[in-house]
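Student: Here it is, the structure in full.
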Amino acid sequence: MKTTSYTLLENGTVVNADGEEQANVLIRERKIVQVSPKLTIPVDTTVIDCSGKYILPGIIDSHTHMGIPIKNGWSADDFDSGTRAALKAGVTTILDFTILEPGQSLTESVAKRLKQAEKSHITVGLHCNITRYEKSLLKEIPDLIRQGIRSFKAFTTYEEAGMYLTYAQIKKVARIIGKHGGLLMVHAEDNETIKAATKQYSGQNLTHPKYHALSRPPEAERLAVEKLVEIHQQTGCPIYIVHLNTAAGLEIAKAGGLLVETCPQYLFFNDSVYEQPDGRMYVISPPLRKPSDQKALWEGLLNGQVDTIGTDHCPFRLSDKPEGLPFEQIPNGMGGIETAFPIMLAKWLKEGWPLSRLVQLMSSHAARIFGLYPQKGVIQAGSDADVVIFDPDNRQTITQQDLAGRDAWNGYLGLEAVWPG
Ligand code: URP
Ligand code: ZN
Ligand code: ZN
């Protein structure tokens with residue numbers, strides 16, 4: 001008779017969203033069987049000593065872009081390399097986005113992206129991008145929600161890339177999504193504000209990356225978030241702002257009942273990096289902001305204003321953003337999946353902040369918002385055995401050798417990290 005073996009994580013500190021406890025975690029067939037300070041060890045058990053270590057639910061990165069086309073280039077990680085790097089950094093689930101091609105239905109875009117995701121090494125879910133407004137696409141939304149694709153994403157900008165929806169169109173989309181129990185995610189930068197600002201600088205061969213930030217001013221986020229609050233209140237559709245990055249945007253979003261994600265890049269960096277020799281590599285949209293915005297975001301992590309931390313992982317190689325490109329031609333995006341949890345954790349431990357809050361921001365809230373809870377986002381009997389174990393003393397400075405992703409540039413070298421393991 002075949003016996004099923006168990007794994008026991010012994011004597012660790014288990015941290016969930018509601019607190020921490022000294023406990024043993026018994027696992028069988030990739031499921032958590034029991035979590036308890038005392039338990040009877042079955043015969044066929046591999047014991048892993050976790051004394052002095054912490055055990056957290058696996059990190060959920062609900063904002064990644066594996067192998068997507070951007071401005072004549074492709075983000076450097078595909079599902080294989082990106083999820084391999086993710087796993088090393090404690091990420092056990094990613095939620096990526098579909099790519100809606102011309103003439104394609106939403107359903108076809110989901111099927112194609114799922115196929116691409118087959119080479120992943122961790123759990124992958126998808127949000128469905130709605131980057132074109134067509135009645136036939138809207139008709140697909142209820143069925144997609146019934147099939148489990150319940151988060152959709154719209155863009156209030158990127159007109160040049162053919163991804164822009166007007167506020168009136170977004171409102172119509174939101175009404176349908178809300179009626180059928182889905183969630184609308186939005187890249188919130190006001191298109192008209194960006195167009196007006198860009199007009200001052202574009203077409204003049206301005207290669208300094210600071211023009212990227214000047215052409216996408218913070219008012220663009222404020223205005224878009226204001227409109228999205230109105231849409232949320234008029235339609236009842238839950239709205240989740242991705243990569244929120246300004247103090248004003250945060251205040252308005254939370255006062256208006258929106259869900260908010262921010263990303264490590266907006267926490268750790270500000271627009272002064274555009275003056276660095278590698279400043280072009282920090283060209284991301286929305287751009288990096290001011291120290292006062294960073295401060296508001298850090299406060300928002302602790303005071304409950306920010307709901308989740310996602311990475312917007314979209315790495316590029318140095319050669320993808322060659323020096324001397326006019327700012328408007330630089331591909332937008334930077335990597336982060338491989339360093340997000342280790343750097344957040346190092347900061348958290350240094351400040352002595354409660355680890356249960358980090359679990360909320362990087363795992364349990366995403367699990368709840370995107371319908372994965374309690375399979376993911378919690379260490380309890382019956383949940384998937386997605387765990388991240390770390391020694392709080394394993395603090396190191398990030399070097400290129402620590403990174404497993406493709407040969408993409410990484411903006412976080414030199415920062416302190418606590419690596420899982
Ligand atoms: O610059 C960025 N963020 N690139 C990825 C696409 C997006 O807007 O999230
Ligand atoms: Zn975006
Ligand atoms: Zn993104």
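Student: What number of residues within segment 54-72 are away from ligand 2 (no atom under 16 Å from the Cβ), crowded, with 24+ Cβ neighbours inside 10 Å, outside any loop (DSSP other than H, G, I, E, B) and not β-branched (Val, Ile, Thr)?
Tutor: 2
Student: Within segment 385-405, restricting attention to residues that are β-branched (Val, Ile, Thr) and surrounded by 15 or more Cβ atoms within 10 Å (Cβ to Cβ), which residue is farthest from residue 126 (Cα to Cα)?
Tutor: That would be 398.
Student: Looking at residue 55, is it at pLDDT 95 or above, of a type in the set (Val, Ile, Thr) and away from ligand 1 (no atom under 16 Å from the Cβ)?
Tutor: yes
Student: Further question: With more than 22 Å from the chain's Cα centre (by Cα), under 30 Å from residue 280 (Cβ atoms) and either of a type outside the set (Val, Ile, Thr) or modelled with pLDDT of 95 or more (or both) as the only criterion, which of 328, 416, 351, 338 stands out?
Tutor: So the residue among 328, 416, 351, 338 that is more than 22 Å from the chain's Cα centre (by Cα), under 30 Å from residue 280 (Cβ atoms) and either of a type outside the set (Val, Ile, Thr) or modelled with pLDDT of 95 or more (or both) is 328.
Student: Now, a different point. Out of contact with any helix residue (DSSP H, G or I) (no Cβ under 6 Å at 6 or more places or on another chain) and surrounded by fewer than 18 Cβ atoms within 10 Å (Cβ to Cβ), is that true of residue 265?
Tutor: no
Student: Could you check segment 222-330 for helices (runs of 4 or more DSSP H) lying wholly inside it with 3 or more residues that are more than 28 Å from residue 177 (Cα to Cα) and in contact (Cβ under 8 Å) with a residue 12 or more places away in the chain?
Tutor: Because the criterion is at least 3 residues that are more than 28 Å from residue 177 (Cα to Cα) and in contact (Cβ under 8 Å) with a residue 12 or more places away in the chain, the helices (runs of 4 or more DSSP H) in segment 222-330 that meet it are 264-268, 291-303.
Student: Mind listing whichever residues of segment 17-44 are out of contact with any Asp or Glu (no Cβ under 9 Å at 6 or more places or on another chain), more than 18 Å from residue 356 (Cβ to Cβ) and hydrophobic (A, V, I, L, M, F, W, C)?
Tutor: Those that are out of contact with any Asp or Glu (no Cβ under 9 Å at 6 or more places or on another chain), more than 18 Å from residue 356 (Cβ to Cβ) and hydrophobic (A, V, I, L, M, F, W, C): 26, 27, 33, 39, 43.
Student: For segment 36-53, name all the residues that are of a type outside the set (S, T, N, Q) and either within 16 Å of ligand 2 (Cβ to nearest atom) or surrounded by fewer than 21 Cβ atoms within 10 Å (Cβ to Cβ) (or both). Let's see the steps before the verdict.
Tutor: Taking segment 36-53 first, the residues of a type outside the set (S, T, N, Q) are 37-39, 41-44, 47-50, 52-53.
The answer is 37, 38, 39, 41, 42, 43, 44, 47, 48, 49, 52, 53.
For every residue, the table says whether it meets (1) in contact with a Ser or Thr (Cβ under 8 Å, 6 or more places away or on another chain); (2) touching a residue at least 40 places away in the same chain (Cβ under 8 Å).
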residue	(1), (2)
349	no, yes
352	no, no
359	no, yes
366	yes, yes
374	yes, no
391	no, yes
396	no, no
414	yes, no
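Every residue, every condition in (1) more than 16 Å from ligand 2 (Cβ to nearest atom); (2) touching an Asp or Glu at 6+ places or on another chain (Cβ under 7 Å); (3) closer than 19 Å to residue 272 by Cβ, yes or no:
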{"residue": "208", "(1), (2), (3)": "yes, no, yes"}
{"residue": "211", "(1), (2), (3)": "yes, no, yes"}
{"residue": "216", "(1), (2), (3)": "no, yes, yes"}
{"residue": "220", "(1), (2), (3)": "no, yes, no"}
{"residue": "225", "(1), (2), (3)": "no, no, no"}
{"residue": "228", "(1), (2), (3)": "no, no, no"}
{"residue": "235", "(1), (2), (3)": "yes, no, no"}
{"residue": "238", "(1), (2), (3)": "yes, no, no"}
{"residue": "244", "(1), (2), (3)": "no, yes, no"}
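Student: Test residue 382 against the criterion of being surrounded by 15 or more Cβ atoms within 10 Å (Cβ to Cβ) and modelled with pLDDT of 95 or more, and give yes or no.
Tutor: On the way: surrounded by 15 or more Cβ atoms within 10 Å (Cβ to Cβ): no; modelled with pLDDT of 95 or more: yes.
The answer is no for residue 382.
Student: Among residues belonging to segment 9-35 that are of a type in the set (A, V, I, L, M) and without any contact (Cβ under 8 Å) to a residue 40 or more places away in the chain, point out the one that is surrounded by the fewest Cβ atoms within 10 Å (Cβ to Cβ).
Tutor: 23
Student: I've got another one for you. Of all residues in segment 128-162, count the ones that are acidic (Asp, Glu) and either within 16 Å of ligand 2 (Cβ to nearest atom) or modelled with pLDDT under 95 (or both).
Tutor: Total satisfying the criteria: 2.
Student: Would you check which residues across segment 308-337 are closer than 18 Å to residue 258 by Cα and either touching a Cys at 6+ places or on another chain (Cβ under 9 Å) or more than 16 Å from ligand 3 (Cβ to nearest atom) (or both) and list them?
Tutor: Restricting attention to segment 308-337, the residues satisfying the condition of being closer than 18 Å to residue 258 by Cα are 308-310.
Residues satisfying the conditions are 309, 310.
Student: In segment 192-221, which residue that is charged (D, E, K, R) and in a helix (DSSP H, G or I) is surrounded by the most Cβ atoms within 10 Å (Cβ to Cβ)?
Tutor: Among those residues, the one meeting the criterion is 221.
Student: Could you check segment 214-255 and list, in sequence order, the residues that are of a type outside the set (A, V, I, L, M), within 15 Å of ligand 1 (Cβ to nearest atom) and closer than 22 Å to residue 150 by Cα?
Tutor: Those that are of a type outside the set (A, V, I, L, M), within 15 Å of ligand 1 (Cβ to nearest atom) and closer than 22 Å to residue 150 by Cα: 240, 243.
Student: Go through segment 61-84 and report how many residues are more than 13 Å from ligand 1 (Cβ to nearest atom) and at pLDDT below 95.
Tutor: Residues that pass the stated criteria total 1.
The values are calculated or read from the model by the stated rules, or taken from the named source; none is laboratory data. Since the model is a prediction, treat every value here as computed from it, not as a measurement. Neighbour counts run over all protein chains shown; Cβ positions are idealised from the backbone, glycine included.
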